[in-house]
1. State the Kirkwood hydrodynamic radius of the protein assembly as shown in Å, one decimal place, computed from all pairs of distinct Cα atoms.
2. For chain B, what Kirkwood radius comes out of the mean inverse Cα-Cα distance, in Å?
3. Run the helix sum for chain B: -39,500 (n - 2.57) per DSSP H stretch of 4+ residues, divided by residue count, reported at 222 nm to the nearest 500 deg cm²/dmol.
4. How large is the helix-only mean residue ellipticity at 222 nm for chain A, computed as the sum of -39500 (n - 2.57) over DSSP H runs with n ≥ 4, divided by its residue count, in deg cm²/dmol to the nearest 500?
5. Who wins for biggest fluctuation among B:D55, B:D107, B:D82 in a Gaussian network model of chain B, springs between alpha carbons below 10 Å?
6. Might you report the magnitude of the Cβ-based charge dipole of chain B about its Cα centre, with Lys and Arg at +1 and Asp and Glu at -1, to the nearest 20 debye?
7. Rounded to the nearest 0.05, what FRET efficiency do B:E32 and B:Q109 have when you use their Cβ-Cβ distance and R0 = 30 Å?
8. Starting from region A:32-141, pick out the trypsin sites (Lys or Arg not before Pro) whose DSSP state is loop and whose Cβ has at most 16 other Cβ atoms within 10 Å.
Amino acid sequence: MKFFKVIILMSCLLPLSAFGQLNICLGDAYSNEMPPSASNIAVYITISNVGNHGVNLESVTSIDAESAMIHRSTLGNGMMTMQHLSELYIPSQETVRLEPGGMHIMLTDLRRSFRAGEQIRMNLNFSNGLVLRVDVPILEN
Amino acid sequence: MKKQIVITAISSVAILMLLLVLILRPSEMTNEELSENGLYIHDVPRPLNEFSLIDQNNNSINSGLLQNQWTLIFFGYTYCPDICPLTMSILNQFSGILNEEGSYADDTQIIMVSVDPRRDTPEKLEEYVGFFNDDYLGLSGEYIEIFKFASQLNIAFAYAPGEDEDYLVSHSGEIVLINPNGEFHGFFKVPHDPESMAFNYQAVRSTWD
């Protein structure tokens, strides 16, 4: 948890550094613990763009899962549907929240079962070339 | 004079307490009020046709399961990472409220029916449902039986194409309410909130019993 906070803090401080392009700030990353045999898990996170240009979250990778996709849960035709987003646009000076029942990053085929208190490693790859690593804490239900 | 004051004070307190009890009791809500608060009640409960499903312990299940107690049914699947665990967690909080308040917990059963029987075996459902609450039941069975059962309850589901085993299932998010006669009594609308669900449910129960 402490390590996770350090990473978040660093990613927020980076815009103040000499690296002008590093303008994305991450926060509130978490997953809810799933049953041991569950192979998928949803990650929730807040992404803020403190820069002056819009940025796309182009892909997500995780060495703890086979694949990662950005999903939006929507209500259509009376059914809850998960829509796959090829990328997620973060406008300049705005914050996009991935929350339960809204958007999430779905990690599929987890390499092993993750319990509450553990962390899943994840990389967010942005269109400006920025790659941010997040260690996502698993919370108890 | 003193006696009069005492009598006035006592009766004021009594009236106040009576008012409080009436205000705090979630009874006497009309169906319109319940609907506005998230629980739709049918004007006339709808009887259900016989069905044949399998529980998480491989036991055959039919309409007898729904007799003599109230039932909440959620349709979902274990590969679903967002809405289903969220709803199961909300149901568990709902059960927690009934337990804490000592109201209607004993004769309320909660069931998850899988809309993905191809992947959700009874063994998988046992672990999944038990993870959220040991008392919950997880039902699966033949696709056609699940489809017929869901259709009676206005629950729709559809498969989205995917690779091999990595497909997603769209499904209605409503939680179905069945009365002790085994009839489709109403449904909790999306989005769900454990507090208002418990309040609405207690209101329905207080007028039924």
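1. For the protein assembly as shown, the Kirkwood estimate is 22.6 Å.
2. Result for chain B stands at 18.6 Å.
3. Values: 6 runs with 84 residues, N = 209.
Estimated from H runs of four or more residues: -13000 deg cm²/dmol.
4. On the way: 1 runs with 12 residues, N = 141.
Calculated at 222 nm, the ellipticity per residue is -2500 deg cm²/dmol.
5. Among B:D55, B:D107, B:D82, the largest GNM mean-square fluctuation belongs to B:D82.
6. Values: 10 positive and 30 negative charges, 226 e Å.
Approximately 1080 debye in magnitude.
7. With R0 = 30 Å, the Cβ-Cβ based efficiency is 0.60.
8. Listed in order of number, the matching sites are A:R111, A:R112, A:R115.
FYI, it's all coordinate maths here, none of it is from the lab. Treat the numbers as computed from the prediction; the structure is a model and nothing was measured. Cβ atoms come from the backbone with ideal geometry, glycine included; neighbour counts cover every protein chain shown.
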